[in-house]
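K.L.:
Sharing a structure, written as structure tokens. Questions coming.
Since every read-out is calculated from the coordinates, none of them should be taken as a lab result. Everything quoted here is computed from the prediction, not taken from an experiment. No Cβ is skipped: glycine too gets one built from the backbone with ideal geometry, and neighbour counts run over all protein chains shown.
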Amino acid sequence: MLQRVCNHTALLVVGVAIGAALTAGWHGVTATPQAHAVATHGSDNFAIATGLVDDDIEALYFLDYLTGDLRAAIVNRRNGQFTGYFRYNVMQDFEAVGDPARFLMVTGMANLPRGSGPTQIAKALIYVAEASSGQVAAYVLPFNSTLNSSGALQSGTFIRVARGSFRDAFVRDE
């Protein structure tokens, strides 16, 4: 009888040990990857979007349809306040735009060379399209992570990295 209890106890201990090892291994294999989501919303006169600047920080992008001003604000890691401000007028990049301009804006990820040093381009691209003309431009934000880490103010302008038109790319039936 004693041998029978010892055998059951030994099997139970071995089973618990194997279960714990499998659980620990399975948890490591099935760890869920981080998801990064961006948001975009627009109204009659402006659009607003978010996009990654660095691994752990986003910018809030704002496009005023009436003036063409594209702006960004970045929250500081240290104090939780807006300390990064950037501005650029996109009207100079769009030819023969109707009055009023009909802009669309979204953000996307880009694995562009970011450069070295404290100032690097952000990880997100900002795409601005003008619906009447079919023109589109892509912009990046030069971001100084050292200034952000120290809590210092930073400001600047966007950099246009691409420009084109989608209007002539459509095939029309004759």
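K.L.:
Mind sorting TYR127, TYR88 by how few other Cβ atoms lie within 10 Å of their own Cβ, fewest first?
P.N.:
Ranking TYR127, TYR88 by Cβ neighbours within 10 Å, fewest first, gives TYR127, TYR88.
K.L.:
Ok, one more. What number comes out for the charge environment of GLU58, summing +1 per Lys or Arg and -1 per Asp or Glu over other residues with Cβ under 14 Å away?
P.N.:
Computed value for this residue: -1.
K.L.:
Just to verify a number: FRET efficiency for ALA162 and SER43, C-beta to C-beta distance, R0 = 30 Å, to 0.05?
P.N.:
That pair, ALA162 with SER43, gives E of 0.70.
K.L.:
I would also like to ask the following. Sequence-distant or interchain residues sharing an amide H contact under 5 Å with ASN89, placed H: which?
P.N.:
LEU70
K.L.:
Using 0.36 nm per residue of separation minus the Cα-Cα distance, give me the extension gain between ALA73 and LEU112 in nm, one decimal.
P.N.:
11.9 nm
K.L.:
Moving on to the next point. Exposure proxy check: ILE57, ILE159, ILE126 ranked by fewest other beta carbons within 10 Å?
P.N.:
Fewest to most other Cβ atoms nearby, the residues stand as ILE159, ILE57, ILE126.
K.L.:
Continuing with this model, one more query. For the range 71-87, in order, what is each residue's ³J(HN,Hα) by Karplus, 6.51 cos²θ - 1.76 cosθ + 1.60 with θ = phi - 60°, in whole Hz (x at glycine and Pro)?
P.N.:
Result, ordered by residue: 10, 9, 10, 10, 7, 6, 5, 7, 10, x, 10, 5, 10, x, 10, 9, 8 Hz.
K.L.:
Using r as the Cβ-Cβ distance of ARG102 and SER150, and R0 as 41 Å, what FRET efficiency do you calculate, to the nearest 0.05?
P.N.:
0.50
K.L.:
I would also like to ask the following. When SER133, SER155, SER43 are ordered from fewest to most other Cβ atoms inside 10 Å of their Cβ, what list results?
P.N.:
In order of increasing Cβ crowding within 10 Å: SER43, SER155, SER133.
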